[in-house]
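The values are calculated or read from the model by the stated rules, or taken from the named source; none is laboratory data. Bear in mind the structure is a predicted one, so any value in this text is a computation, not a measurement. Positions of Cβ are backbone-derived with ideal geometry, glycine not excepted, and every protein chain shown enters the neighbour counts. Heads up: the accessible areas ignore ligands, DNA and RNA and are worked out on the full protein's heavy atoms, side chains in. Shrake-Rupley method; radii C 1.70, N 1.55, O 1.52, S 1.80 Å.
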Amino acid sequence: MKIKKEIDLEQLVRPNVLQMQAYSSARSEFTGRADVFLDANENPYETGLNRYPDPLQKALKNKIASIKGVDPQQIFLGNGSDEAIDLLIRIFCRPGQDHILTLPPTYGMYKVSAALSAVAIKTVPLQSNFQLDVAQILAKANQQSKLLFICSPNNPTGNSIERQAITTLLKNFQGIVVIDEAYIDFSGQTSCTELLAQYNNLVVLQTFSKAWGLAGIRLGMAFANGAIIQLFNKTKPPYNINTLSQQAALKALENHTEIQKQLGETCQERERLSIALKKMPFIQMIYPSDANFLLVKMTQPKIVYRYLLEQKIIVRDRSKVLLCEGCLRFTVGTPKENQQLIQSLQ
Ligand SMILES: *Cc1c(COP(=O)(O)O)cnc(C)c1O
């Protein structure tokens, strides 16, 4: 594939990050084979967990690479995607000078991570159909706009972002375009990882927290060209992914077919839930969803929210969020859980 866009990464990276040396851990300095490990001050008595984990998670990355159709050198693994978001901000944005661009209503962590790093945020709201206002985004961007966060399928609206808008921004935005694909497995869309060969300013985020059923192990993936991955590797805590998480993820990847079955069921349940909700008189709108949740507009969201709480059902109140006025967000549960929700609302 022909490269359509190559930006000068060195000019985009924070100068201190460009210049710094990574921490060199015992296990990253030694990569050969040995029988006796006296290099890392570990407890020598074997428990399966007495050794430090592989700092670059090679076995896990090889497995992910084969499933996702990318090169292992194009993968960074984080303590949740939230770690990747935080590192991206710290790698590219100078505190008090640079800013990120976000497109509300969207995932809340971009803003929180930016605030923690004293990095400003500029926003360009989605249009009323929840698609991007590309002209406005490009008009607002300047030299200090280092990162543009696009969530697709978007949380909390549930829709996928049109590919044409994404490629236009990849071509014309002079910073890094981050596509957060936390919900991609629930959509019929192909991943933007297929664009990695064409754009060196693309970062794609995915996670083990949603479709893979492993929110508890805190494991997120970032896919990007090798130069960006090297920046992640030098700025991350050396052993950011623990041994238990690496093992659990490998096991899940080997049980691929079980996950596929659950995905099918969740998508069917999403439709069933949507049809049942549509018949209820107080429901005004059910937005089409490519994710494992439904954004539902109703006449009195606060009252419904509190009523459901009394029924011991907790949903997400999004009624005060821009463009989501009057909306609650329902995660699709098991058939039994969804039935409980439907019955309570009826
Ligand atoms: C749930 C979610 C994530 C996942 O974050 P983790 O830290 O990997 O659990 C990322 N992005 C969006 C938009 C989400 O909704």
(request) With only Lys, Arg, Asp and Glu charged, each at its Cβ (+1 for the first two, -1 for the last two), find how big the charge dipole of region 24-141 is about the Cα centre; round to the nearest 20 debye. (result) 400 debye
(request) Would you mind working out the accessible area per residue for the chain, using a 1.4 Å probe, and quoting it in Å²? (result) 49 Å²
(message) From the alpha carbon gyration tensor of the chain, can you work out the equivalent ellipsoid semi-axes (sqrt of 5 times each eigenvalue) and give them in Å, largest to smallest?
(response) 36, 27, 18
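Rank-order 321-332, 291-302 by packing density, defined as the average count of other C-beta atoms within 10 Å over each peptide's residues, highest first. It would help to have the intermediate numbers written out before the result.
Values: 321-332: 19.1, 291-302: 20.7.
So the order, starting with the most tightly packed, is 291-302, 321-332.
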(request) Measure nothing fancy, just the Cα-based angle from helix 81-92's long axis to the longest principal axis of the chain, in degrees from 0 to 90, nearest 10. (result) 60 degrees
(request) Please determine, in degrees from 0 to 90 and to the nearest 10, the orientation of helix 335-345 with respect to the longest principal axis defined by the Cα atoms of the chain, where the helix direction is its Cα long axis. (result) 40 degrees
(request) Please list 188-197, 16-25, 74-83 highest first by mean number of surrounding beta-carbon atoms within 10 Å per residue. (result) 74-83, 188-197, 16-25
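Whenever you get a sec, compute what percent of the accessible area on the chain sits on carbon and sulfur atoms (1.4 Å probe). Numbers along the way, then the final one.
Values: 8710 of 17000 Å².
Taking all protein chains in place, the chain shows 51 percent carbon and sulfur surface.
How many percent of all Cα-Cα pairs in region 1-48 sit more than 17 Å apart? Before the final figure, lay out the partial values.
Details: 717 of 1128 pairs.
Looking at region 1-48, the distances longer than 17 Å represent 64 percent of pairs.
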(message) On C-alpha positions alone, give me the angle between the axis of helix 256-278 and the longest principal axis of the chain, in degrees, nearest 10.
(response) 30 degrees
(request) Sort 185, 86 by accessible area with a 1.4 Å probe, largest first. (result) 185, 86
(request) May I ask which residue of 31, 85, 104 lies farthest towards the positive end of the charge dipole of the chain, with charges of +1 (Lys, Arg) and -1 (Asp, Glu) on Cβ and the Cα centre as origin? (result) 104
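Which order do 4, 171, 63, 312 take when ranked by solvent-accessible area (1.4 Å probe, heavy atoms of all protein chains), largest first?
On the way: 4 125, 171 95, 63 65, 312 180 Å².
Descending accessible area places them as 312, 4, 171, 63.
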(message) Using the basic label-point model (7 angstrom from Cα toward the beta carbon), what is the residue 344 to residue 242 distance in nanometres?
(response) 3.2 nm
